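**Student:** Questions regarding the structure given below will be posed in turn.
Since every read-out is calculated from the coordinates, none of them should be taken as a lab result. Quantities reported herein were computed from a predicted structural model and do not represent experimental measurements. Don't worry about glycine lacking a Cβ; one is built from the backbone with ideal geometry, like all the others, and counts go over all protein chains shown.
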Amino acid sequence: MWQLTKNIIQQLGRKRPRLFPQLISPARETRANGDQRGALHCSPLDSPAPLSPLQAAEISYFKSKIQTETLIPSHDNIQQIGAALSTKIKKQFNRALSIRLVDAGSCNGCELEIQAINNPYYNIEQFGIHFVASPRHADMLLVTAPVSKNMRDALLKTYEAMPFPKLVIAIGNCAQCGGVFKDSYAILNTVNEVIPINYIIKGCPPTPIDIMSGILIALG
Ligand code: SF4
């Protein structure tokens, strides 16, 4: 078995392109030559070899600040809404607002928009809002979808596990009235049928700005 492994390592050592030979430690070199001593260890680099022009070009590519798209100036209101959110959150929750999201059977359109507020563009964490995995850590619950019958108990248990004040926001038209799934045999038609809701953000799906504004309004 060891002989087979050794042969494979030797073959890889011969065939693999050596883009950054100076990053391969002496222990790795030893292993490639079949010597078992030091095969499982890494050692610090002694004196890195000078870079070839190709290697230098590769490194400068990763260091360059390439912009894939320009930011839209009209989205300055992200900062305005965010600043208002920050002020309210500091006042009402001391430091941060923790949100638990429950997808109660949506088409995932609403989830994509909710995920977008966490991306580097909207970056909602900078305003003191973060999503948590446990309802026990959540101040606010976001619920999407018309609530499928199979998700009813899970939604109820999540709500019961939350500490007060148990703020609940229903996201999307489906959560409000069933939307495109209205009167399906598999759903309950609204979040309100399972748990009390404080606020509804309409849309199919609502945009990230709608969601941020809705959270702001729901905070009072
Ligand atoms: S409101 Fe629209 S995007 Fe959201 S879950 Fe319903 S169908 Fe999907």
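**Student:** Using 0.36 nm per residue, how much length does the chain from Tyr121 to Lys182 gain when fully extended, once their Cα-Cα distance is taken away?
**Tutor:** Full extension of this stretch gives 18.6 nm more.
**Student:** If you don't mind, there's one more thing I want to ask. Could you pull out every residue, at least 5 positions away or on a different chain, whose amide H is within less than 5 Å of the one on Gly203? Hs are placed 1.01 Å off N in the peptide plane, and Pro or chain starts have none.
**Tutor:** Gly172, Asn173
**Student:** Apply the Karplus parameterisation 6.51 cos²θ - 1.76 cosθ + 1.60, with θ equal to phi minus 60°, to every residue of the range 167-179 and state each ³J(HN,Hα) to the nearest whole Hz, in sequence, with x for glycine and proline.
**Tutor:** 6, 10, 10, 8, 10, x, 4, 4, 5, 7, 9, x, x
**Student:** Something else: Would you work out which of Val191, Leu101, Met140 lies farthest towards the positive end of the dipole of the range 77-218, given +1 charges on the beta-carbon of Lys and Arg and -1 on that of Asp and Glu, about the Cα centre?
**Tutor:** Met140
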